[in-house]
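Report on the following structure.
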Amino acid sequence: MRRAFLLALLLLGAASAVSAQRIRVEATLENGTNRPRVRTINLFDDPQWKEAIAASYPIRLNYQLDLWRSRSGWFPDNVTTRRWAFVISRQAVLDVYTLTTIVAGQEPRAEQFSSLDDLRLRVELPVPISGVGATRNGSFWYAVKLGISTLSAEEFADFERYLQGSGNGGGGIASTLMRWALPTGTATAETPRFVRGGG
Amino acid sequence: MTRTGLLTIGTLLLAWPAAAQDPIGIDFSRPATDTIPRREIPDSILSRAIAHYNAPGTTRVSGNVELPAGNVWRGRQALHRGQFRIDGRVEGDLVVINGDVRITPSGVVTGDILVLGGRILVDDGGTVGGTPLEYAIPAPLTLSPDGMLMRQSARRALSDYTSASRSFTWRNTVTTLHLDPGNYNRVEGLPIELGPSLVWYRDDQTRLTMDLTGIIRTSADPTGSRGRLGWRGRAAVVHGGPRSITFGVRAGSVIAPVADQPYQMVESGLGAFLFRRDFRDWYAMRSFGLFTDITLSPKLQLSLGVDRSREETVNAVDAFSVLLGSEEWRPNPLIDDGRFLTQSLGATYDTRDDRRRPTSGWHIRGVLHRVQSNSLTPVSLPQEIRPGLPTTGYDALDIDVDVRRYQRLGPDQSLHLRLLGGGWLSGNSLTIQRRRALNGGDPMAGYGFRAINCDRRRRPDPAQPALCDRQLIVQAEYRRTLGIDLSTRIGNTTLGLQRPELVLFADAGSAWLAGDGAGRVPSGRIQSIAEWRSDIGVGLDAGSFGIYVARSLVDSEPFRFGFRLSPRF
């Protein structure tokens, strides 16, 4: 019993140490405009992702930003949802890092960095998000969700078709099992509530 | 300031002009436009860049290069990996691979400029005599040891870990040889699929695809109901763009699943391989057909098909399973053998926010099948299940409908609703391979396999075939993300539950025989809701897998536990 208790304490300690290093996302509001800013924290402190980048696995950071409007006595109203993605990749031979910003309907934007520190400075900057503001009066808040993985969109699509049994034989059971061993993570955050108009 | 700092600033200065206003921001107010180049670099453009770079007369440079004002470079120019600042004059065509070009007010390029994996920035006063063309996505090109430009091998996709493939490119044609494991089942064992596929890019919009796959069945069939080898092939012309159309032919000799298909294919395969539980039934099909897929918009797609097929019963074999190896496999049911002409019309409307794990939007799919035969050898079934089928002049219409609504109720909670139905519409009764059942596990989590299969014989078939004419199921789920992290990490592998979703769900549905007569539901009606089965349950969905427990509301069924590799719907 005592051993089990000690083991539980050890596991809890390990889990909390790990979560201190885990990637986080932070959502804040700009003073005056209530424009949201989204900041990604700890990506490069998390050995899981640091090692993946070093091994030239492209990292995809998928962001989803929701604007919610409070409704008294009922579920909140999802006013808008916007998504974008950062893809971080490394050309091992050239030792160059590329950050590609992907927004639906817009051309991808690629930036190159010659060191991990430069990339880190860029990725950890708060990103202002425009064109998502409330157009009605009321009490609002933003919620941001970050999903991170080493899989590309094409691989997700392949996997989805495979799960749906498209019959192309692409993968089989083992690849599903392998997915459990691949790193994935999520993080969420919300801004404080703000009022537009009379509330 | 360090060299890297300067490079970073330089890179940001050369970035997309909009970025100059807010170099790091995301602006959703910028209007979407169709005039931007496609993200993917067409194969013909890659070929053009390679030909230009490798041409004997091309001047090749790499890294950051500056052509000072007053200097002139003549002939073909190419830059690999770097920034090219042109203050002087380039008399000829210029190709930049994975880099940017900036033409300052004094800069001139008399020919075409092609930039792959970067930007063309022309300052006021800068001159481009030819056509500028840029693709921001990094080009999959690299230098060979002898300095020639070549295509980079594609990064291995997830499925490649259990597969092998090799691609060859010649001009605008990409040929791939592949080897994949198919889905495990009790008729074939593990099918191994291998063969070539070929894609010929006619231009940016149009391509021809051809696939030929041979199938080796690892389990022998001592009864001789099917061969050791199978195959399938497909050739299609794809015309891309916002509204794409695909037209092609398909053919094959395969083991196909019957219409009643509980669980995802991978779950069925895993059940067979690990626990000797194959949740699908199979038949041998040799077919040839034409098909068309039309994308009217990203949300709306249509499909049409006409296929001639020969369908025959196959037997379960003594395939290997990890556990319960001493048990007999469930027999594979008899089907109605015959030659069929099947016309199909399908439509899909999909506004889901995420196809793998949706939380909002609609997914509506409907498929109509008209099946005809002049050479049918039907299985003899009791009249109370199915009237006798004609051996010629067979004609039946059936439908599959799947309507799903995903509604978010807050940042961490959502409501999912589904209406799933299908079966006979008109004409002759359905063949066995097109009949339905109410399945336990999926979708009715509180019931056992084929809880209602309409087999009313005094001694039901141990194969438990799906023999109902119609099925209709309603499902509802409430999902809430739990802010708990019960995971730890061993090496780079995360074990445990990270922000799992709590799932509360309820299902109700039935399957029945349609038509006139005792024990049948009239064709124009659905079965009385008082006779429907229903269940409620709870589960935890960890993303990669989910565990569920459910209990029937109307029958004395035990609690049933389920393990799924994907969301329930």
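The values are calculated or read from the model by the stated rules, or taken from the named source; none is laboratory data. On a predicted model such as this, the values are computed, not experimentally measured, just so you know. Backbone-built Cβ (ideal geometry, glycine too); neighbour counts: all protein chains shown.
Of B:Thr342, B:Thr359, all but one fail to be in a strand (DSSP E or B) and either of a type outside the set (Val, Ile, Thr) or crowded, with 17+ Cβ neighbours inside 10 Å (or both); the exception is B:Thr342. Where strands (runs of 3 or more DSSP E) fall wholly inside the range A:19-122, the ranges with 1 or more residues that are among the basic types (Lys, Arg) and facing chain B (nearest Cβ under 8 Å) are A:77-91, A:109-113.
Restricting attention to the range B:200-214 and to residues that are in contact (Cβ under 8 Å) with a residue 40 or more places away in the chain and touching a Lys or Arg at 6+ places or on another chain (Cβ under 9 Å), the residue that is farthest from B:Arg310 (Cα to Cα) turns out to be B:Asp204.
When you check B:Gly241 against the structure, is it over 24 Å from B:Asp402 (Cα atoms) and more than 12 Å from chain A (Cβ to nearest Cβ), yes or no?
Yes, satisfied.
When residues in the range B:386-417 are screened for being among the hydrophobic types (A, V, I, L, M, F, W, C) and within 14 Å of chain A (Cβ to nearest Cβ), 2 of them pass. Can you confirm whether the range B:528-550 contains a residue that is on the phi > 0 side of the Ramachandran plot, at pLDDT below 95, small (Gly, Ala, Ser) and out of contact with any helix residue (DSSP H, G or I) (no Cβ under 9 Å at 6 or more places or on another chain)? Scanning the range B:528-550 turns up at least one residue that is on the phi > 0 side of the Ramachandran plot, at pLDDT below 95, small (Gly, Ala, Ser) and out of contact with any helix residue (DSSP H, G or I) (no Cβ under 9 Å at 6 or more places or on another chain).
Inclusion of B:Ala235 among residues that are within 22 Å of B:Thr431 (Cβ to Cβ) and modelled with pLDDT of 90 or more is not warranted.
This table checks each residue for (1) on the phi > 0 side of the Ramachandran plot; (2) surrounded by 17 or more Cβ atoms within 10 Å (Cβ to Cβ); (3) more than 12 Å from every other protein chain (Cβ to nearest Cβ); (4) among the small types (Gly, Ala, Ser).
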{"residue": "B:Phe84", "(1), (2), (3), (4)": "no, yes, yes, no"}
{"residue": "B:Val96", "(1), (2), (3), (4)": "no, yes, yes, no"}
{"residue": "B:Thr104", "(1), (2), (3), (4)": "no, yes, yes, no"}
{"residue": "B:Ile113", "(1), (2), (3), (4)": "no, yes, yes, no"}
{"residue": "B:Asp124", "(1), (2), (3), (4)": "no, no, yes, no"}
{"residue": "B:Leu133", "(1), (2), (3), (4)": "no, no, yes, no"}
{"residue": "B:Ala136", "(1), (2), (3), (4)": "no, yes, no, yes"}
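A single entry from B:Leu212, B:Leu194 fulfils the requirement of being surrounded by 16 or more Cβ atoms within 10 Å (Cβ to Cβ) and more than 27 Å from B:Gly240 (Cα to Cα): B:Leu194.
For the range B:259-270, taking the residues that are surrounded by fewer than 22 Cβ atoms within 10 Å (Cβ to Cβ) and more than 10 Å from chain A (Cβ to nearest Cβ), the one that is modelled with the lowest pLDDT is identified as B:Pro262.
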